[in-house]
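Participant: Have a look at this one before I ask anything.
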Amino acid sequence: MILDGHSGEAIEEAARRLRAGELVAFPTETVYGLGADAANDAAVVGIFAAKGRPADHPLIVHVCSGAKGDEALSRFALPLPEFAMKLVHAFWPGPLTLIAPRQIGVATAAAGGQDTIGLRCPSHPVAQALLRACAERGVAGLAGPSANRFGRVSPTTASHVQGEFGDELLIIDGGPCEVGIESTIVDCSRGVPVLLRPGLITRAQIEAACGEKLRDRHDLSKPDPRASGTLEAHYAPSAKVRLMDAKALQTGLDLLGAEAKNIAVWSRAEVKSRSSHLVLRRMPDDAAAAAQVLFATLRDFDTQGVKLIWIETPPDGHDWEGVRDRLQRAAAS
Ligand code: TXA
Ligand code: MG
């Protein structure tokens with residue numbers, strides 16, 4: 001069932017169900033999340049079951065902004081290092097997740113067995129309204145992975161979520177997501193900031209805000225905590241995705257000629273084909289605009305029944321890092 005998130009009644013109904021241990025899908029500025037009371041392990045186990053996600057892949061806990069949010073922060077995490085607090089002040093509420101040392105004994109299921117916890121304060125007004133209504137009922141945080149089945153494309157509209165989980169699930173509709181790819185994740189539990197997942201907020205912005213050099217996962221000697229968003233193959237549509245430069249793309253289309261069918265093309269460059277059976281879509285020239293439509297475009301190609309998706313390799317440059325990351329992983333499956 002889809003309810004309009006701008007209605008106070010819908011928010012109350014969602015908060016009531018979450019308090020009772022049920023799952024509710026909710027909008028954020030990045031992608032839709034599948035929420036449960038983070039402090040209720042049984043409810044959180046329901047998320048893993050619904051997604052088909054292995055139990056050792058930890059979930060992010062969403063908290064509201066303001067005093068209630070600060071309370072939640074100290075409820076779930078040990079005191080954050082100074083560089084992490086600078087990130088909180090610079091980017092919350094917004095599309096940034098911080099990995100922090102976890103308070104002993106809280107959100108154990110959500111943490112997936114790690115001694116750390118992922119925390120995020122989303123900026124979407126409907127998410128904030130829901131988080132506040134939850135906090136008022138004693139639910140300090142919502143565990144919320146992207147509302148898709150494990151390994152699949154993240155949802156950026158309420159109807160995408162409905163397509164994943166059916167009509168039984170309560171889905172709070174907040175319109176299409178503005179950012180379109182998941183939050184940037186910075187691990188703050190190792191004394192230095194480490195980028196675990198690129199997103200809209202770039203390396204340069206993070207380094208400027210916290211005054212430290214941002215490390216990469218690969219720089220670390222200690223093995224990574226398990227993170228599904230860091231698996232090589234992820235975000236996969238049903239069709240096979242290939243990345244290539246504009247020239248290779250055009251050569252491929254020329255070779256197939258009028259016979260080309262069941263192929264979708266997403267490119268910044270204008271490409272030509274003699275076939276009238278192609279699904280051609282232009283990729284925006286701007287990284288943020290491309291991110292916003294990325295997952296919806298992949299889903300749309302699947303809906304049209306294509307077997308192959310040819311995508312022009314996005315430009316180098318840090319602003320494209322989040323888009324490159326998602327497309328490389330879609331192509332790795
Ligand atoms: O934008 C987002 O972050 C969305 C919206 C709904 O907030 N959520 C999202 O959640 O993308 P999910 O579960 O699909 O991806 C969260 C990523 C996973 O790769 C997970 O393994 C990682 O965060 N993660 C969560 N807690 C962690 C922890 N304690 N240590 C390391 N990685 C963690
Ligand atoms: Mg996900």
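The values are calculated or read from the model by the stated rules, or taken from the named source; none is laboratory data. None of these values were measured; they are calculated from a predicted model. A quick note on method: Cβ atoms are made from the backbone with ideal geometry, for glycine too, and the neighbour counts reach across all protein chains shown. What goes into the accessible areas is simple: the full protein's heavy atoms, side chains included, and nothing from ligands, DNA or RNA. Shrake-Rupley method; radii C 1.70, N 1.55, O 1.52, S 1.80 Å.
Participant: Taking a quarter of the surface of the convex hull around the Cα atoms of the chain, what do you get in nm²? Intermediate results must be reported in sequence, preceding the final value.
Facilitator: Details: hull surface 64.6 nm².
With the hull built on Cα positions only, its mean projection is 16.1 nm².
Participant: OK, next. Calculate, for the chain, the solvent-accessible area per residue in square angstrom, rolling a 1.4 angstrom probe over the heavy atoms of the protein chains.
Facilitator: On the way: 13910 Å² over 333 residues.
Ligands and nucleic acids excluded, the result is 42 Å² per residue.
Participant: Compare the Cα positions of Ser276, Cys188, Pro81 along the charge dipole of the chain (+1 at Cβ of Lys, Arg; -1 at Cβ of Asp, Glu; about the Cα centre) and return the one farthest towards the positive end.
Facilitator: My answer, from the dipole projection, is Ser276.
Participant: Next question. Enter the angle in degrees (range 0 to 90, nearest 10) between the Cα long axis of helix 67-76 and the first principal axis of the Cα atoms of the chain, meaning the one along which they spread out most.
Facilitator: Once rounded, the angle reads 90 degrees.
Participant: What nm distance separates the two modelled labels at Arg132 and Arg215, each placed 7 Å from Cα along Cα→Cβ?
Facilitator: 3.9
Participant: Roughly how many debye, to the nearest 20, is the charge dipole of the range 240-332 about its Cα centre, given +1 on each Lys and Arg Cβ, -1 on each Asp and Glu Cβ, and no other charges? Walk me through the numbers on the way to the answer.
Facilitator: On the way: 14 positive and 13 negative charges, 87 e Å.
The dipole magnitude comes to about 420 debye.
Participant: Using 0.36 nm per residue of separation minus the Cα-Cα distance, give me the extension gain between Lys261 and Glu82 in nm, one decimal.
Facilitator: Values: separation 179, 0.36 × 179 = 64.44 nm, distance 5.52 nm.
Answer, rounded to one decimal: 58.9 nm.
Participant: Give the carbon-plus-sulfur fraction of the accessible surface of the chain in %, rounded to a whole number; probe 1.4 Å, heavy atoms of protein chains only.
Facilitator: Details: 7070 of 13910 Å².
Heavy-atom surface of the chain belonging to carbon and sulfur, 1.4 Å probe: 51 percent.
Participant: Can I ask one more? Work out, step by step, the length gained on full extension between Asp300 and Ala208: first 0.36 nm times the residue separation, then minus their alpha carbon distance; give nm to one decimal. Each step should come with its number before you reach the end.
Facilitator: Working: separation 92, 0.36 × 92 = 33.12 nm, distance 3.71 nm.
Gain on stretching Asp300 to Ala208: 29.4 nm.
Participant: For Thr116, list long-range residues whose amide hydrogen, built 1.01 Å from N in the peptide plane, is under 5 Å from its own amide hydrogen.
Facilitator: Arg102
Participant: Pop out the ³J(HN,Hα) list for the range 135-146 in order, Karplus 6.51 cos²θ - 1.76 cosθ + 1.60 with θ = phi - 60°, rounded to Hz; leave Gly and Pro as x.
Facilitator: Along the range 135-146, the couplings run 4, 5, 9, x, 9, 6, x, 10, 5, x, x, 4 Hz.
Participant: Can you flag which of Lys68/Lys213; Lys247/Lys272; Lys272/Lys307; Lys240/Lys272 are past 23 Å Cα-Cα?
Facilitator: Working: Lys68/Lys213 31 Å; Lys247/Lys272 11 Å; Lys272/Lys307 19 Å; Lys240/Lys272 21 Å.
Over 23 Å Cα-Cα: Lys68/Lys213.
Participant: Within the set of other residues whose C-beta is less than 10 Å from the C-beta of Ile172, count the net charge using Lys and Arg as +1 and Asp and Glu as -1.
Facilitator: On the way: positive: none; negative: Asp4, Glu13, Asp173.
For residues surrounding Ile172, the net value is -3.
Participant: Under a point-charge model restricted to the Cβ atoms of Lys and Arg (+1) and Asp and Glu (-1), what is the dipole moment magnitude of the chain relative to its Cα centre, in debye to the nearest 20?
Facilitator: Working: 36 positive and 40 negative charges, 138 e Å.
Charge dipole of the chain: 660 debye, to the nearest 20.
Participant: In whole Hz, what ³J(HN,Hα) sequence does the range 163-171 give by Karplus (6.51, -1.76, 1.60; θ = phi - 60°), x for Gly and Pro?
Facilitator: Once θ is set to phi - 60°, the couplings for the range 163-171 become x, 7, 10, x, 8, 5, 6, 6, 10 Hz.
Participant: Grab the DSSP H runs of the chain that are 4 residues or longer, score each as -39,500 (n - 2.57), total them, divide by all residues and round the 222 nm result to the nearest 500 deg cm²/dmol.
Facilitator: Value at 222 nm, helices only, nearest 500: -10000 deg cm²/dmol.
Participant: Work out the length of the dipole vector of the range 1-148 about its Cα centre, built from +1 on the beta-carbon of each Lys and Arg and -1 on the beta-carbon of each Asp and Glu, and round it to the nearest 20 debye.
Facilitator: Numbers: 12 positive and 14 negative charges, 28 e Å.
Roughly 140 debye, rounded to the nearest 20.
Participant: Taking the 0 to 90 degree range and rounding to the nearest ten, how far is the long axis of helix 82-91 tilted relative to the main principal axis of the chain, both from C-alpha atoms?
Facilitator: Taking the Cα atoms of the chain, the angle to 82-91 is about 60 degrees.
Participant: Show the residues, 5+ positions off or on another chain, whose built amide H is closer than 5 Å to the amide H of Asp173.
Facilitator: Here Leu3, Asp4, Gly5 satisfy the definition.
Participant: May I ask for the percentage of alpha-carbon pairs in the range 240-332 that lie more than 23 Å from each other?
Facilitator: Numbers: 756 of 4278 pairs.
The calculated P(r) of the range 240-332 puts 18 percent of pairs beyond 23 Å.
Participant: Same structure, new question: Mind giving me the FRET efficiency for Ser7 and Lys272? R0 is 45 Å, r the Cβ-Cβ distance, nearest 0.05 is fine. Please list the in-between numbers first.
Facilitator: Values: r = 48 Å, r/R0 = 1.07.
Once the sixth-power term is evaluated, E becomes 0.40.
Participant: Compute from the Cα atoms of the range 99-192 the Rg and the Dmax, the latter being the longest Cα-Cα distance, and quote both in angstrom.
Facilitator: 14.8, 44
Participant: Where does each of 34-41, 175-182, 315-322, 272-279 land if you order them by average Cβ count within 10 Å, highest first? Write down the numbers at each step before the final one.
Facilitator: Details: 34-41: 26.2, 175-182: 22.5, 315-322: 16.4, 272-279: 13.6.
Going from most to least packed, we get 34-41, 175-182, 315-322, 272-279.
Participant: Still on this structure, I have one more. Could you tell me what percent of the DSSP beta bridges with both partners in the chain are antiparallel, to the nearest 5? Let's see the in-between values first.
Facilitator: Working: 17 of 46 bridges.
Looking only at bridges with both residues in the chain, the antiparallel portion is about 35 percent.
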